[in-house]
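Take a look at the structure below.
The values are calculated or read from the model by the stated rules, or taken from the named source; none is laboratory data. What you see is a predicted model, and the numbers here were worked out from it, not measured in a lab. Virtual Cβ from ideal backbone geometry, glycine too; neighbours counted across all protein chains shown. Heads up: the accessible areas ignore ligands, DNA and RNA and are worked out on the full protein's heavy atoms, side chains in. Shrake-Rupley method; radii C 1.70, N 1.55, O 1.52, S 1.80 Å.
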Amino acid sequence: TAADTLALLEWKRRVFAVYAALRAMEPEAGWALWGETRDELFRSHPQSPLPPDRRASFEGLEYWPYDPEARVLAELEDIEAPPQPVRTSGTEPILFQPFARASFDLRGERLSLEVSWLQGYGGGAFLSFRDATSGRESYGGGRYVLDTVKGADLGEADGKLVLDFNFAYNPSCSYDPGWVCPLAPPANRLTVAVDAGEKHRS
C-alpha cells in the first residue's frame, strides 16, 4: 500500500542518517548509537523485520562485545566477472556482479571477501559473509557488513574500504521468513569465526 511504501522510505531515511552519523564518530561510540537505533526501529517501526506479535515483548538485539580489532581497512582489487545469481531466502535468486576483492587482516588472519554490485535499477554495493559462527551463534544464511541500497556503509579511509565487523547484522529474513534476502555467496564463506557484530536468537 501507499502507507507501507511511505513507512519503508522513512525506515531507509533513518538508516541512512544513522550511518552518516557513524562515519563522523569514534567507532565504539558510533556502535553504541547504531545498536540503540536498531533496537528502537525493531521495537516500534511499522517496517520492523519482527512479526507484529513479537514487538511488544522485544528486549533488544544481541551482540558480541565491541572489539577494536574487528574493524579493518580492506584493500580493493578489481575483478572481472559476469553477473551471478545469488541464492536468496525465497525461491528466486538475485543478480549481483562481483567487482572487487576486499583483502584485509582480521585478528592475524589474512582474509578476502568479494564485493558485488546489485544488477538492478540504480545498483548498489553489497557484501555479505558467512563464518564459523554461522548457523550456531549467528544466522546461518550469513550477515551483512555493506549494503548501500539500505544505507549500510561505513565509508572509506586512506583509499581503503572500512569493514567493521562489529556492525555485521542479520538480514530481515532471519527474523521473519516473509522477507526475502540475498544470502552469502560461496566466495564469501570464511572458515574462521568472526565473533563480532550481531548474534542470532533462534
Rounded to the nearest 10 Å², what accessible area does LEU22 have for a 1.4 Å probe in the complete protein model? 10 Å²
Give me the tail of P(r) for the chain as a percent: Cα-Cα pairs with distance above 24 Å. 39 percent
Suppose we look only past 18 Å in the calculated P(r) of segment 77-146. What percent of the Cα-Cα pairs does that tail hold? 46 percent
GNM flexibility winner over the chain from GLY159, GLY135, GLY90 (Cα, springs under 10 Å): GLY159
What is the packing order of peptides 98-110, 77-89, taking the mean over residues of other C-beta atoms within 10 Å and listing the highest first? 98-110, 77-89
Integer Hz, Karplus 6.51/-1.76/1.60 couplings in order for segment 17-22, x for Gly and Pro: 5, 5, 5, 4, 5, 4
By average Cβ neighbour count within 10 Å, what is the ranking of 163-172, 48-57 from highest down? 163-172, 48-57
